[in-house]
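Comments concern the structure below.
The values are calculated or read from the model by the stated rules, or taken from the named source; none is laboratory data. Here the structure is a predicted model, which means the values were calculated and not measured. For neighbour counting, all protein chains shown are included, and Cβ atoms are generated from backbone atoms with ideal geometry for every residue, glycine included. Areas reflect the complete protein model, heavy atoms only, side chains present, ligands, DNA and RNA absent. Shrake-Rupley method; radii C 1.70, N 1.55, O 1.52, S 1.80 Å.
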Amino acid sequence: MHDDGLVARIQAVRARIAAACARVGRSPDEVTLVGVTKTHSAALVRGAHGAGLLDLGESYAQEWRLKADETADLDPAIRWHFIGHLQSNKARVLVGRTHLVHSVDRVSVADALAERSERSGVVTRVLIEVSVAGEAQKSGCSPGDLPSLSRHVMASPGLDLCGLMTVAPDVEDPEEVRPVFRALRQLRDRLRSEDPRGALTELSMGMSGDLEVAVEEGATLVRVGTALFGVR
Ligand SMILES: *Cc1c(COP(=O)(O)O)cnc(C)c1O
């Protein structure tokens, strides 16, 4: 399937990323565009893959698993990112088929993923989701809980902690969330300085409405749905 509209929208988003990179002297190669296909069909996943978008993100484990099964024939394989709220009982579904799990936010979830990974003989790459603004929302660990959770994840043989993720509050003017992205980068920098492997490089932040600000503040992964695939 070839969709000219989709190809144009992917180009437009990549151009936004490149322009933001240029403003702060970064290379666009440092930023991975993750197309968020949640609620969209397996046919759309094929279209995205055909248009060269290989990093795709999903939020709901069962929905994702069906779509992943329906598109398992694609070559090169899709790199699946799990970005939704995690429950321990979903570890079984995720382990072995995700490129990166963005949303580890508590010990119980980390333990479930680690145990399943060890049993399957794989290492699952994860990010810790941080609720930087500390709002009463359903996911993300608080900045105060981050040091202990990150130590726990780093000590789990089945897990590879690659960095941090945040979902910024939905605001009218993306400039309003710049402090949130900057704070996440500072948290990542502090953790990285304490990590003997120095491996905590990833920063997953920025969506359709605020990706420029996130890239200017150091995002290495932007999660974009609406700007690529239309309103859900
Ligand atoms: C849905 C979703 C996105 C994509 O949001 P858009 O505004 O459609 O780009 C990004 N991140 C997370 C965690 C999401 O749930």
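Summing charges over neighbours of E58, with a neighbour being any other residue whose Cβ is under 13 Å away from its Cβ, gives +4 when K and R count +1 and D and E count -1. For the stretch 1-131, what class follows from the C-alpha gyration tensor (a ≥ b ≥ c being the square roots of its eigenvalues): rounded when a/c is under 1.5, otherwise prolate if a/b is larger than b/c, else oblate? Taking the square roots of the gyration eigenvalues as a ≥ b ≥ c, the stretch 1-131 is oblate. Of the residues S139, S156, S120, the one that moves most in a GNM of the chain with alpha-carbon contacts below 10 Å is S120. To check you understand DSSP bridge types, tell me what percent of the beta bridges within the stretch 49-154 (both residues inside) are antiparallel, rounded to 5. Percent antiparallel among DSSP bridges in the stretch 49-154 is about 0.
One quarter of the surface of the convex hull around the alpha-carbon atoms of the chain equals 12.2 nm², the direction-averaged projected area. Mean separation of Cα pairs under 8 Å and 6 or more residues apart, divided by the residue count, gives the stretch 55-212 a relative contact order of 17 percent. Of the DSSP beta bridges with both residues in the chain, give the percent that are antiparallel, rounding to the nearest 5. Bridges in the chain are about 0 percent antiparallel. Extent of the stretch 99-232 along its three principal axes (Cα atoms, max minus min coordinate, largest first): 44, 32, 27 Å. When D69, D4, D170 are compared by accessible surface with a 1.4 Å probe, the order from highest to lowest is D170, D4, D69. Counting Cα-Cα pairs of the stretch 132-205 in 5 Å increments starting at 0 gives whole-percent bin shares of 3, 15, 26, 25, 16, 9, 5, 1, 0. Dipole magnitude for the stretch 1-134: computed about the Cα centre from +1 point charges on Lys and Arg Cβ and -1 point charges on Asp and Glu Cβ, it is near 220 debye.
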